[in-house]
Amino acid sequence: MRIMDLLTDAREEPVSDLDPDVGLSRAARVRVLLAAALGPLVTGYAVVATVLALVALTAGRAVFSGTGVLLAAGPGWLAAHQVRLGLGGHPLGVLPLLATLGAALLAARTAAGAAQRLGCRSAREALPVLLTITGAHAVFGLVIALGAQGSPVSANPVVAFVVPGLLAAVAAGTGVIRTCGLPDVVAARLDPLALRGLRAGALGFAVLVACGAAVFTVATAVSWATVSDVYEPAFGTSFGLFLLSVLYLPNAVAATLSFVTGPGFSIGDLNVGMFGYRGGAVPGVPLLGGLPEQHAAWWPALLVLPAAAGALVGWSLRKVDADPAQRIRAVAVAGAVVALGCVLLGTLSGGRLGDGPFDPVSVPMGVASVVAFCWIVIPGSFVAFFTGEHEPPAPPPEALEDNEAFEDADEVDPEEAAEAVAELEAAEPSELSEEDEEEPGEDAEFEAEADAELGLEDEPAEDEPVTGGTETCGDVEPDETDR
């Protein structure tokens with residue numbers, strides 16, 4: 001009996017290697033969380049300070065100061081986390097997306113590594129990692145904003161607290177998703193059709209971004225003479241312009257994406273759209289050297305690119321379901337994903353640019369998202385509908401009820417139902433003729449009884465003799481032979 005108890009206890013409380021508390025002390029867990037909190041902050045701040053120091057060293061007339069670089073790195077860190085700055089009272093809201101993508105990637109990798117070291121296997125176990133990274137970014141942004149009060153470069157403390165924390169939360173959440181196995185859990189609980197739509201939407205958004213990047217590259221290459229004239233002979237100034245163009249490259253791709261889909265973008269008085277153009281001054285940055293000087297009649301031909309992206313989405317969803325309506329529903333989910341991506345990209349790529357002639361830089365997010373949704377859904381639905389399978393028409397219910405093969409069936413196969421209907425149609429004429437030979441119908445019996453009552457029996461045939469019944473009829477006189 002004692003042996004059975006020991007065996008039972010051993011089975012009920014096994015020692016698992018996946019338990020995060022086994023082999024990892026509380027002090028070690030604190031060290032991992034502390035490294036996750038400070039790692040992205042120190043690394044990001046160091047990268048920003050290095051870039052500023054490099055620009056200051058290469059500039060011809062600038063005086064390098066280590067203290068000045070370290071102080072300027074704080075607002076630079078806020079700009080990398082999409083916190084709007086104030087430069088001498090002038091707003092700066094157009095912030096480099098490449099730096100934002102780098103900060104988000106750093107937070108995501110840090111969160112994934114911390115969750116893996118702690119042995120997190122669920123979202124609840126990874127919650128301390130997520131809260132630690134989010135809180136550290138929010139507090140660090142608040143400290144920088146409070147320390148910059150009264151300086152030429154300032155930031156709103158509330159915005160500096162909320163925006164970096166929100167960005168870090170999204171990035172850290174993305175990092176711990178795969179480590180904790182959440183994609184499998186979400187995929188198991190999500191509608192398979194909606195899941196395929198989400199994947200197709202990510203594909204469509206990536207294709208649209210690639211189209212914008214391709215158009216921007218071609219425009220820059222065609223206008224390379226203008227781009228090269230923007231650079232100054234001094235190496236330091238040219239290097240600073242080149243670095244500025246690289247940091248704002250994703251912003252330019254987002255604006256080109258809006259142009260390719262139709263709505264376009266604007267920089268101050270300049271408005272560039274697929275079907276309209278209004279000139280204006282532009283900043284002297286090599287990144288903008290490919291901007292057109294006037295409208296071209298061939299621009300609408302570029303609309304084939306978003307249409308091709310929608311067709312690609314529809315082609316990828318042509319086999320998700322045999323019902324065309326379900327395939328169109330998956331295409332609609334993909335269109336919603338693309339629309340949401342366009343809203344997010346347009347929000348981050350524009351903003352205020354001082355109070356001069358270049359203010360503001362904007363992308364019409366609402367119109368761009370609706371147009372992008374239509375570019376995915378309309379051609380995608382067309383391709384998914386006509387290139388996928390189609391179910392045969394369902395047989396009438398009475399045919400299924402008369403067929404004994406389907407009396408006890410819960411689900412009817414369309415092919416078997418069609419065969420059953422064909423068998424019933426082939427069997428109806430023969431069965432009806434046999435019944436007519438065996439016994440007359442109700443209508444024939446009723447007519448015979450009515451004729452007998454009225455004395456309107458059928459005339460006898462010519463070959464048949466006249467029976468004696470005709471002698472009793474008063475209207476017929478007998479012949480002489482009969483007399």
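The values are calculated or read from the model by the stated rules, or taken from the named source; none is laboratory data. Since we're looking at a predicted model, the values are computed, not measured. Glycine gets a Cβ as well: all are built from the backbone with ideal geometry, and neighbour counts include every protein chain shown. Heavy atoms of the whole protein, side chains included, go into the accessibility calculation; ligands, DNA and RNA do not. Shrake-Rupley method; radii C 1.70, N 1.55, O 1.52, S 1.80 Å.
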What is segment 109-188 by shape, rounded, prolate or oblate, if you read a ≥ b ≥ c off the alpha carbon gyration tensor as root eigenvalues and call it rounded for a/c under 1.5, prolate for a/b larger than b/c, and oblate otherwise?
-> prolate
Of 136-146, 212-222, ordering from highest average Cβ density within 10 Å down gives 136-146, 212-222
Shape category assigned to segment 36-111 from the gyration tensor of Cα positions, a/c cut at 1.5 | oblate
Label Leu302 and Glu125 with points 7 Å out from Cα along Cα→Cβ: what is the distance between them in nm?
-> 5.0
Expressed in nm to one decimal, what extension gain is obtained for the pair Val42 and Asp323 from 0.36 nm per residue of sequence separation less their Cα-Cα distance?
-> 95.8 nm
Return the carbon/sulfur percentage of the accessible area of segment 108-236, one whole number, probe 1.4 Å, all protein chains in place.
-> 69
Extension reserve of the Gln294-Ala202 stretch, reckoned as 0.36 nm per residue once the Cα distance is removed = 29.7 nm
In nm, to one decimal, how far is the modelled label at Leu243 from the one at Val170, with both set 7 Å along Cα→Cβ?
-> 2.7
Which of rounded, prolate, oblate describes segment 142-219, given a ≥ b ≥ c as roots of the alpha-carbon gyration tensor eigenvalues and a/c under 1.5 marking rounded, otherwise prolate only if a/b is larger than b/c?
-> oblate
